[in-house]
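*Asks:* Take this structure, written in structure tokens, and hold onto it; I'll ask about it next.
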Amino acid sequence: MAKILLQDAKVTMNGTNLSNSIKSVELSISADAKEVTAFGDGWTTRIAGLKEGSVKLDFFQDFGAASVEATLYPLFGTLATVVVSPTSGTASATNPTYTFLALVNAHSPVMGAVGDMATLSVTWPTSGTVVKAVA
């Protein structure tokens, strides 16, 4: 099995490619574990319940036109279409794309200390299904 070095990940929001302003991306998905243990079972039994996800993005802040702030600020309080893939190449079995709606419910437009890079870190919940495409 091939291993990859995550150095060319692609992240778009509502069609705007923000990859060159992102230093870290994490898409997490999970399912509730619902207990369905019945009398006579010797072990706890569980099934998957509702699924959910979140996306964590760490940006280098940029106030230029069509860049980070210009893209994110108008999305605050709305659902945005996010597409994440491990590389900027075409979707394939070795480069899947994950498409989902994220609720842009947090924003920190100015963040940093004296002499630091201006950054922006957000974690947004997904809304609805996270779709994986391999072609």
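*Asks:* Collect the residues in the stretch 1-24 that are in contact (Cβ under 8 Å) with a residue 40 or more places away in the chain, closer than 18 Å to LEU101 by Cα and open to solvent by 40 Å² or more (accessible area, probe 1.4 Å), keeping them in residue-number order.
*Replies:* Correct list: LYS10, ASN14, GLY15, THR16.
*Asks:* Please report, ordered by residue number, the strands (runs of 3 or more DSSP E) entirely within the stretch 2-118 with at least 1 residues that are closer than 23 Å to VAL134 by Cβ, touching a helix residue (DSSP H, G or I) at 6+ places or on another chain (Cβ under 8 Å) and among the hydrophobic types (A, V, I, L, M, F, W, C). Write out each step before concluding.
*Replies:* Details: elements: 10-13, 22-35, 46-60, 79-85, 97-103.
Answer list for the stretch 2-118: 10-13.
*Asks:* Anything in the stretch 98-117 that is open to solvent by less than 50 Å² (accessible area, probe 1.4 Å) and over 18 Å from the mean Cα position of the chain (by Cα)? List them, or say none.
*Replies:* Residue satisfying the conditions is PRO109 alone.
*Asks:* Right, something else. What are the residues in the stretch 36-87 that are among the hydrophobic types (A, V, I, L, M, F, W, C), touching a strand residue (DSSP E or B) at 6+ places or on another chain (Cβ under 6 Å) and either crowded, with 16+ Cβ neighbours inside 10 Å or at pLDDT below 95 (or both), if any?
*Replies:* Of everything in the stretch 36-87, those that are among the hydrophobic types (A, V, I, L, M, F, W, C), touching a strand residue (DSSP E or B) at 6+ places or on another chain (Cβ under 6 Å) and either crowded, with 16+ Cβ neighbours inside 10 Å or at pLDDT below 95 (or both) turn out to be VAL55, LEU57, PHE59, VAL68, LEU79, ALA80, VAL82, VAL83, VAL84.
The values are calculated or read from the model by the stated rules, or taken from the named source; none is laboratory data. Here the structure is a predicted model, which is why all the values come from computation and not from measurement. As a convention, Cβ positions derive from the backbone with ideal geometry for all residues, glycine included, and neighbour counts pool all protein chains shown. Protein only, heavy atoms only, side chains kept; ligands, DNA and RNA dropped before computing areas. Shrake-Rupley method; radii C 1.70, N 1.55, O 1.52, S 1.80 Å.
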